[in-house]
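Engineer: The structure is given below, and queries will be raised subsequently.
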Protein chains: 2
Amino acid sequence: MPRPSTPLLSPDRIRSVALAIIDRDGLDGLSMRKLAAELGVQAASLYGHVRTKDQLLNDIASSILSTVDVSGFTVDWREGLIRCARSYRAALSSHPNIVPFLAYGPAGREESLQRLDLLHGALVDAGWSRREATMIAAGLMYIVFGSALSSFSSGFSSDPADYTDRYPHLDRAHLLPGVARELDRDSFELALAAFVRGLQGLCRGPDRDSRA
Amino acid sequence: MPRPSTPLLSPDRIRSVALAIIDRDGLDGLSMRKLAAELGVQAASLYGHVRTKDQLLNDIASSILSTVDVSGFTVDWREGLIRCARSYRAALSSHPNIVPFLAYGPAGREESLQRLDLLHGALVDAGWSRREATMIAAGLMYIVFGSALSSFSSGFSSDPADYTDRYPHLDRAHLLPGVARELDRDSFELALAAFVRGLQGLCRGPDRDSRA
DNA sequence: CCGACTAACCGAACAGTGTTAGGTTAACTC
DNA sequence: GAGTTAACCTAACACTGTTCGGTTAGTCGG
């Protein structure tokens, strides 16, 4: 089957099918051969459209993170932080299986840096010092990424009965998939609210002019 | 070389050399063949002492996390949270290359659950509701794990000059290894302090009887 | 219309991975 | 001293990401 009339492959199609496989079978469930098979093609053909598997994963990650919205700073920095974090979390939790890949180090993830830069600039504009802004942005990322990977729903929700007797304080109910998802969201919201709330008064902060 | 007079291998020795390789060459730098070679042995011989590579990594992770101290709750829950988080972070940042493995889901990491159970119990004893205690413990883990992997020092510290012009708000200094480490620690401390500080007043909390 | 060229795919291979089966021999037990 | 076990080995299996050299469909220049 040499050069079909209409091309079977395109970077977009490859990315989209790859992401579907990751969502379905997990990060380790994606192999170039399986991806090729699912595209009706041999593995070698992929390399005409994709430089390497790692690059493919990076592109997928970037496209997921590109849905993150950092434009909530028009109101005030608190709202901005909260909206940004929620948007980040929404992006990550829509494709949780790719999160472990992100853990391998963004190195030069272009989009992430740009967003971080924007976030940082907004905080500085709000009156925080450059160093404070950096640390606050980092702290926000801690909560976002931490909640994306050490979540209850994906963490340990196989057989609740196993845990009940060995860990008396942990509630069995936490491990039911439905409750776990809700608990994840509430834990995230709690951590986020506590973090933002705890910020003021810790450093000198910007509140002398931008807000009472 | 069949059955040497004194055994070359033991689970402990395997774990320790494996961890050394991970620390030196990264998580992907560890292969069973390389590990065996470094132990003066063939790869197959490892499987007499270790069930599988994944199990080996789990054991290593557990042994690292076993140094975490959750016994700071005798003073009060705030101190307890802070000490626990610091201890956790210290454990993780002493072997940062294994953190991505942890991201693949603890599933049944025994030790983690036990520690979580203890933490949870301490919070309940301090007066928080069970659900609140769960969410607070989760939030603490967010900050700990988030700081362990989305750190500045491991994140993007290759060539500062690349970033400076493209991201005007980000300071070049952040990317120098020495500064990055310090910045990581300060960011963690800030996030932790803000989180703990922000907790009181958010939920009803335990402060009516245990503290003013 | 026809030749040159390129783009898209394929088959086969390479070096590497985790893991297992079956063999060899030293050390321990009775 | 025989039998058993424990510790290692060699060889292989099924996989992985990736590359090389082919084969052909489409496209462009003359």
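The values are calculated or read from the model by the stated rules, or taken from the named source; none is laboratory data. Computed from a predicted structure; not experimentally measured. Using ideal geometry, Cβ is built from the backbone for each residue, glycine included, and neighbour counts are taken over all protein chains shown. Just so you know, the surface numbers come from the protein's heavy atoms only, side chains and all, with ligands and any DNA or RNA stripped out. Shrake-Rupley method; radii C 1.70, N 1.55, O 1.52, S 1.80 Å.
Engineer: For B:Thr74, place a label point 7 Å from Cα along the Cα-to-Cβ direction in every copy; what are the distances to the other copies, in nm, shortest first?
Structural biologist: The answer, with the shortest distance listed first, is 5.6 nm.
Engineer: Select from the stretch A:113-135 all residues whose loss of accessible area on going from the chain by itself to the full protein assembly reaches 50 Å² or more (probe 1.4 Å).
Structural biologist: Hits at the 50 Å² cut-off: A:Leu113, A:Asp117, A:Arg130, A:Arg131, A:Thr134, A:Met135.
Engineer: Here is a follow-up. Starting from the Cα gyration tensor of the stretch A:11-50, take the square roots of the eigenvalues, sort them a ≥ b ≥ c, and report rounded, prolate or oblate (rounded when a/c is under 1.5, otherwise prolate if a/b is larger than b/c, else oblate).
Structural biologist: It is prolate, given that a/c is not under 1.5 and a/b is the larger ratio.
Engineer: Normalise the Cα radius of gyration of the stretch A:55-124 by 2.2 N^0.38 Å (N = residues in it) and let me know the number. All intermediate terms of the calculation are to be shown ahead of the outcome.
Structural biologist: Details: Rg = 12.5 Å, N = 70, 2.2 N^0.38 = 11.1 Å.
Dividing the Cα Rg of the stretch A:55-124 by 2.2 N^0.38 Å gives 1.13.
Engineer: To continue, here is another question. Give the interface area between chains B and A as buried accessible surface, both sides summed, probe 1.4 Å, in Å² to the nearest 100. Intermediate results must be reported in sequence, preceding the final value.
Structural biologist: On the way: alone 12590 and 12600 Å², together 19750 Å².
Buried area (both sides, nearest 100 Å²): 5400 Å².
Engineer: With charges set only on the Cβ (+1 for Lys and Arg, -1 for Asp and Glu), what does the dipole of the stretch B:11-50 come to about its Cα centre, in debye to the nearest 20?
Structural biologist: Values: 5 positive and 5 negative charges, 22 e Å.
Taking the Cα centre of the stretch B:11-50 as origin, the dipole is about 100 debye.
Engineer: Ordered shortest first, which distances in nm separate the 7 Å Cα→C-beta label point of B:Ser10 from those of the other copies?
Structural biologist: Copy-to-copy label distances at B:Ser10, shortest first: 6.2 nm.
Engineer: Quick one: label points 7 angstrom along Cα→Cβ at B:Arg130, distances to the other copies in nm, smallest first?
Structural biologist: Result, one decimal in nm: 5.1.
Engineer: Now a separate question. Over the stretch B:45-95, one equal point on each Cα, no solvent: what is log10 I(q)/I(0) by the Debye formula at q = 0.25, 0.28, 0.30 Å⁻¹?
Structural biologist: Result of the Debye calculation: -0.86, -0.96, -1.02.
Engineer: So how do A:Phe73, B:Phe195 rank on accessible area, 1.4 Å probe, biggest first, that is with the largest at the start?
Structural biologist: Details: A:Phe73 40, B:Phe195 0 Å².
The ordering from most to least exposed comes out as A:Phe73, B:Phe195.
Engineer: Lysines within cross-link reach of A:Lys53: Cα-Cα under 16 Å, excluding same-chain residues under 8 positions apart?
Structural biologist: Those lysines meeting the cut-off are A:Lys34.
Engineer: Considering the zone a paramagnetic label at A:Asp12 would reach in this model (a point 7 Å from Cα along the Cα-to-Cβ line), which residues of the stretch A:78-99 have amide N under 19 Å from it?
Structural biologist: Residues passing the 19 Å test: none.
Engineer: Taking the highest mean first, how do the peptides A:116-123, A:136-143 order by number of other beta carbon atoms within 10 angstrom per residue?
Structural biologist: A:136-143, A:116-123
Engineer: Based on the Kirkwood radius over alpha-carbon pairs, what value in µm²/s does the Stokes-Einstein equation return for the translational diffusion coefficient of the stretch B:1-138 at 37 °C and 0.692 mPa s? Working shown, then result.
Structural biologist: On the way: Rh = 16.8 Å.
My calculation gives 195 µm²/s for D.
Engineer: Over the whole of B:182-191, what's the average partner chain Cβ count within 10 Å per residue? Rounded to a whole number, please. Don't jump to the answer; show the numbers that get you there.
Structural biologist: Working: counts 0, 4, 2, 0, 5, 10, 4, 2, 13, 13.
Going residue by residue through B:182-191 and averaging, the value is 5.
Engineer: Stretched out fully, how many nm does the piece from A:Arg83 to A:Tyr47 gain, at 0.36 nm a residue minus the Cα gap? Display every interim value, and only then the final one.
Structural biologist: Numbers: separation 36, 0.36 × 36 = 12.96 nm, distance 3.86 nm.
Here the answer is 9.1 nm.
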